[in-house]
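Presented below is the structure to which this report refers.
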Amino acid sequence: MGPVERAISNKISAFFEAEVLQVANESFMHSVPEGSESHFKLVIVCDRFDGQRLVQRHQSVYKLLADELAGPVHALALHTYSPLEWAEKNALAPESPSCLGGSKAT
């Protein structure tokens, strides 16, 4: 785990007190130098999201990670669920699509 991934994980853990937190550095899937920390997928399941619209959930994550988004993080895939929604999804978040940008374009 690199420093950016660690910072994201620590901030999300402390603020949301999530039942489920998955932080995945997906930079390797993109046209970036090896070891980059620029593309992340987050799965967050917490009571705080109960009754919130998706845009409110995402706004709270963006606000919390403002420094990372202003700096090294280029892309953030967010999957935010209440515990009930997570159960209804059978505890599965969508897979990230393959990158077709940069040198990986067909």
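So here's what we get for this one:
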read-out	value
Number of the condition not met by S31 [criteria: (1) without any contact (Cβ under 8 Å) to a residue 60 or more places away in the chain; (2) loosely packed, with under 14 Cβ neighbours inside 10 Å]	(1)
Among the candidates R6, R57, R53, residue that is free of Cβ contacts under 8 Å to residues at least 12 places away in the same chain and farther than 16 Å from V73 by Cβ	R53
Condition met for V55 (among the hydrophobic types (A, V, I, L, M, F, W, C), modelled with pLDDT of 95 or more and touching a Ser or Thr at 6+ places or on another chain (Cβ under 8 Å))	no
Residue in region 65-96 that is farthest from V20 (Cα to Cα), counting only those that are of a type in the set (S, T, Y) and within 14 Å of the chain's Cα centre (by Cα)	S96
Residue count, region 1-33 (criterion: part of a strand (DSSP E or B) and of a type in the set (G, A, S))	1
Qualifying position, being touching a Lys or Arg at 6+ places or on another chain (Cβ under 9 Å) and of a type in the set (K, R), among R6, R53, R57	R57
Residues satisfying the stated conditions in region 34-78, i.e. in a strand (DSSP E or B), surrounded by fewer than 20 Cβ atoms within 10 Å (Cβ to Cβ) and not charged (D, E, K, R)	A75, L76, A77, L78
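The values are calculated or read from the model by the stated rules, or taken from the named source; none is laboratory data. Not measured: the values here are computed from a predicted model. Virtual Cβ from ideal backbone geometry, glycine too; neighbours counted across all protein chains shown.
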